[in-house]
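Note sheet for the following structure.
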Amino acid sequence: MQESLELARRLGERLLAAGESVAAAESCTGGMIAAALTDIAGSSAWFGYGVVTYSNEAKQRLLKVEDGALREHGAVSEAVVRQMAAGAQSLSGADWSVAVSGVAGPGGGTAAKPVGLVWFGIAGPDGWGEAFSCRFDGDRAQVRAQTVIRALQRLDELLAARSRAA
């Protein structure tokens, strides 16, 4: 909890200094990234949208995730989180967006997509984006908490690198 609070605070400071904003599109975390960001007083200056799209239907209707991507790759995939991040960015008008979809457990895992597997998608300014996956150990609460921390860490890393390059 303390780690996510510190990360959210630092991320907010970087966004504010850059005059930028961030949005979140969440599946397995169910709004925990948005909650971490809004734990920071004044976050409305750089965070305005958090979308929980737990079902495939919600991903399609709210974030415009293509049915073909869901059928071919499944909700826990690079293709889907990239589309979720792009959809959140488009919906919100934010400069940055982060999307997560994973298997938090305790059930639902397969050999190809085990419990603890989470895909992250990040969309940034000028059409830039990335996707990556992590495999976390622990129970459902631990997987979700680690997902929030990693999402905030990566956003912070990207913003720090961008400010150094400017």
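The values are calculated or read from the model by the stated rules, or taken from the named source; none is laboratory data. Note that this is a predicted model, so its numbers are computed, not measured. No Cβ is skipped: glycine too gets one built from the backbone with ideal geometry, and neighbour counts run over all protein chains shown. Accessible surface is based on the protein model in full, side chains and every heavy atom, while ligands, DNA and RNA are left aside. Shrake-Rupley method; radii C 1.70, N 1.55, O 1.52, S 1.80 Å.
For Asp126, are the conditions met, namely being open to solvent by 50 Å² or more (accessible area, probe 1.4 Å) and not in a loop (DSSP other than H, G, I, E, B)? So Asp126 fits the description; yes.
For region 1-19, the tally of residues that are open to solvent by less than 20 Å² (accessible area, probe 1.4 Å) and modelled with pLDDT of 95 or more stands at 5. Screening Gly121 on (1) part of a loop (DSSP other than H, G, I, E, B); (2) of a type in the set (Gly, Ala, Ser); (3) within 18 Å of Val65 (Cβ to Cβ) shows it passes everything except condition (1). Of all residues being small (Gly, Ala, Ser) and not in a helix (DSSP H, G or I) in region 129-152, which is farthest from Ala45 (Cα to Cα)? Just the residue, please. Result: Gly138. Checked against the criteria, Arg164 counts as farther than 17 Å from Gln89 by Cβ and more than 12 Å from the chain's Cα centre (by Cα). So how many residues does region 58-98 have that are outside any helix (DSSP H, G or I) and open to solvent by 40 Å² or more (accessible area, probe 1.4 Å)? Residues that pass the stated criteria total 4. Looking only at region 29-51, how many residues end up being touching a strand residue (DSSP E or B) at 6+ places or on another chain (Cβ under 8 Å), open to solvent by 60 Å² or more (accessible area, probe 1.4 Å) and outside any helix (DSSP H, G or I)? Qualifying residue count for the region: 2.
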